[in-house]
Amino acid sequence: MTLGTPAILFSAIALIMLAFTNRFFVIAKLIRDIHSDRGNRPDLQVKQIPNLRKRLNLIKYMQAMGVIAFILCTVSMMFIFIEHPDIGAGIFIASVLCLMISLLISLWEVMISTKALDIVLADREDEG
């Protein structure tokens, strides 16, 4: 394995972390909006809170796994650079596994997100 192999993953992890951070900011804004708009539609807001809490936790775990993947990828590059390719390859595999776990958690969060949108749509249908 050459130094270029983990270097390819390095840039991909950075982009994924950016997407995860954007998700976090969206959830944070939704939570702040619910907090500032307590009087308007409290029943709908109460229905959304469990989903938001779960999504917030999932985002925390997917970001953590992404950061661990990033660190392991960097350590892998270091071991390859100091001419220990077998150790570097093993750490790189661990990095890829962490990234896969992070992506699976992301998929789970997206599925919960769609449930939250269903709650909003169902509420809108009830109004009409």
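The values are calculated or read from the model by the stated rules, or taken from the named source; none is laboratory data. Worth saying up front: this structure is predicted, and the values here are computed from it rather than measured. Reconstructed Cβ throughout: ideal geometry from the backbone, glycine too, with neighbour counts over all protein chains shown. What goes into the accessible areas is simple: the full protein's heavy atoms, side chains included, and nothing from ligands, DNA or RNA. Shrake-Rupley method; radii C 1.70, N 1.55, O 1.52, S 1.80 Å.
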> If you average the sequence gap of Cα pairs under 8 Å that are 6 or more apart and divide by the length of the chain, what percent do you get for the contact order?
Replying inline: 34 percent
> Most fluctuating residue of V75, V26, V67 in a GNM of the chain with Cα springs under 10 Å: which is it?
Replying inline: V26
> How much FRET efficiency would the formula 1/(1 + (r/R0)^6) give for V46 and A12, where r is the Cβ-Cβ distance and R0 is 30 Å, rounded to 0.05?
Replying inline: 0.20
> What full-extension length gain, to one decimal in nm, is calculated for L104 and T21 as 0.36 nm per residue of separation minus the Cα-Cα distance?
Replying inline: 28.3 nm
> Over the range 70-128, what is the mean sequence separation of C-alpha contacts under 8 Å (at least six apart), divided by residue count, expressed as relative contact order in percent?
Replying inline: 25 percent
> Rounded to the nearest 10 Å², what accessible area does L107 show when all protein chains are kept and the probe is 1.4 Å?
Replying inline: 100 Å²
> Taking the chain as a Gaussian network, Cα atoms linked when under 10 Å apart, which of I31, I82, I93 shows the biggest mean-square fluctuation?
Replying inline: I82
> So what does L18 come to for accessible area, using a 1.4 Å probe and Å² rounded to 10?
Replying inline: 100 Å²
>> Please compute the length gained on full extension between V120 and A94, using 0.36 nm multiplied by the number of residues separating them and subtracting their Cα-Cα distance.
In response: 5.4 nm
>> Suppose accessible area is computed on protein heavy atoms with a 1.4 Å probe; arrange S102, S11 from highest to lowest.
In response: S11, S102
> Taking the chain as a Gaussian network, Cα atoms linked when under 10 Å apart, which of T114, T74, T21 shows the biggest mean-square fluctuation?
Replying inline: T114
